[in-house]
Amino acid sequence: MDLREKLRADWTRRALADASWWACQTHDVGREESQRLASVDLQAMLAGLTLAPDAAVLELGCGTGRLAGPLADRFIAVVGLDVSPSMIEAAKLLHPERPTLRYVVNDGVRLPFPRRSFDLVTAFAVLQHVDPSLVQAVLCGVRRVLKPDGRLRVQAWLGEPVDRAPAEDTLRIRTWTRDELDHWMAQAGLMVESVAPMPHPEPEVHRRPVVISARPAGMPHAPPPLPTVPRRSSAAEIAQEWGLLLHLVQKAAAAGAPRRALHAVRAGNRLLPAQAVGWWVEARLLATSGDRPGALQALAELDRMQTRPEDQEVYVAAAQLRRELAIDPTPMRMAEDA
C-alpha cells in the first residue's frame, strides 16, 4: 500500500469518528476555548513575519480549518489543504469557504498549484505524524510553490528520538534532531532561518515543541522514494488511537453528550480492528440510554472476538452488564477458557 493512501485512510477514519477532536490535537474544548487555542497557535506560527494583506497563504494539513479560518480573516488568498476528504467537509461546515478561503483535498506531495504561488506555507502539528520520506517529499513540493522571498513555517518536535515509529504509523509524534531538520531542508532547497520554542503545559525531557522558519535557498534534490507500507496499522498505533478515542468517549459521556460518545465508539468498533473494550463500552452506552437490543448486539459482537487474557476485566464487566440486562450470563466467554 502506498504510504499516502494509508495516510488518507487513517485520517479519514479519524475524521469520521470525530473531526474536531482529532484536528484540535485531542483537546476536547468548547468553541470559545478552541478559538483561544487557535489564536495562540497562529500567533506562534506568524511571529516575526511581515506579510501584506494581499499575501497568498497555504496551510498544509488544515484539518477542520481552525487555523485556515483565522488566516483568511487576515489575508486575501488562503488555501486549506488536507489529505482527508472528511476533514475538508468538516472544515467547510465549521469555517465555510469564502472569497478569501478555499479548500483542497491533496496529499501535499504533488501540490496542484503553479510555481511560486505562495508567500507563506504553514504546517501545524502535521509533518510530525509522518515518515521522514514523506516529510522530504512534501518539503520539495513546498519549495516549488513558494515565492523566492516566501517563508515556510512548520510546527514540530525537536530532540533525541526515544524510538522510531514504523513508516505506516500516521499517529505517533516523531521527534526530529536538528541535524535531520537541516539536512531535509537543504535537500529540498530550503534553509532554516530560526527555530523558536513553543510553550507546552507538560515539559518533556527528550523533546520540545518548536516553530521552524525556512526560506528558499538553492535547488532541491529528488526526495527518497516513498515506502510501501502494510494496509493494517501497527499494534502500537491501534492501541494509541483506541486510547485517545476512548478518552473522548469518556469525556463526552461525562459532559452529557451520549450521542457524541456513542458515535465515536461505534466509529472505532467498525472502522478499526475491533478490541474487546470498544464493544463493551458501546454496550454500556446503549444500555444506559435504554437501548437493550442494541446493547445485546454489541455484547454479541464481543462474544465473536477471540479472547485474550489481557481483556479479562472487560469480560468480567460484560458479564455484570448481562446481569443488569437480566439475561443469562453463561454465554459470555471468559478469557481463561480460551
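Some notes on this structure:
- Sorting the segments 94-100, 238-244 by their residues' average number of neighbouring beta-carbon atoms within 10 angstrom, most packed first, yields 238-244, 94-100.
- Counting charges near ALA287 (Lys, Arg +1; Asp, Glu -1) among other residues having Cβ under 12 Å from its Cβ returns a value of +1.
- Between the beta carbons of PHE113 and ASP179, assuming R0 = 45 Å, the FRET efficiency works out to 0.90 to the nearest 0.05.
- Of the residues ILE173, ILE212, the one with the largest accessible area comes first in the ranking ILE173, ILE212, computed with a 1.4 Å probe on protein heavy atoms.
- Proximal charge balance of GLY189 [Cβ under 12 Å; K/R count +1, D/E count -1]: +3
- For a modelled paramagnetic label at GLU33, 7 Å from Cα along Cα-to-Cβ, the residues of the stretch 224-257 in reach, with backbone nitrogen under 16 Å, are 247-257.
- Relative contact order, percent, the chain [alpha-carbon distance under 8 Å, six or more residues apart]: 14
- Rolling a 1.4 Å probe over the protein heavy atoms of the stretch 149-231, with every protein chain left in place, gives an accessible area that is 55 percent carbon and sulfur.
- Net length available on complete extension from LEU49 to SER133 is 27.4 nm, with 0.36 nm assigned per residue and the Cα-Cα distance removed.
- Solvent-accessible area, 1.4 Å probe, carbon plus sulfur percent, for the stretch 239-280: 59
- Think of each Lys and Arg Cβ as +1 and each Asp and Glu Cβ as -1; about the Cα centre, that makes the dipole of the chain roughly 920 debye.
- Projected label distance in nm at LYS92 and GLU160, using a 7 Å step from Cα toward the beta-carbon: 4.9
- Inter-label distance, nm, simple model (7 Å from Cα along the C-beta direction), LEU296/ARG231: 3.5
- Around ASP163: net Lys/Arg minus Asp/Glu count, Cβ-Cβ under 10 Å: +3
- Using 0.36 nm per residue and subtracting the Cα-Cα separation, the extra length available between HIS206 and MET219 on full extension is 1.4 nm.
- Taking the 1.4 Å solvent-accessible surface of the stretch 1-127 as the whole, the part contributed by carbon and sulfur is 53%.
- Within the chain, helix-based [θ] at 222 nm, where runs of 4 or more DSSP H residues each add -39,500 (n - 2.57), nearest 500: -14500 deg cm²/dmol
- Build a GNM of the chain with springs between Cα atoms under 10 Å apart, and of GLU160, GLU282, GLU32 the one that fluctuates most is GLU32.
- Taken per residue, the accessible surface of the stretch 172-226 reaches 57 Å², heavy atoms only and a 1.4 Å probe.
- Of all DSSP beta bridges confined to the chain, the antiparallel ones make up roughly 45%.
The values are calculated or read from the model by the stated rules, or taken from the named source; none is laboratory data. The model shown is predicted, which means the values in this text are computed figures rather than measured ones. Counting neighbours? That spans all protein chains shown, and the Cβs are built from the backbone with ideal geometry, glycine included. Quick note on the areas: whole protein, heavy atoms, side chains included, nothing else; ligands and nucleic acids left out. Shrake-Rupley method; radii C 1.70, N 1.55, O 1.52, S 1.80 Å.
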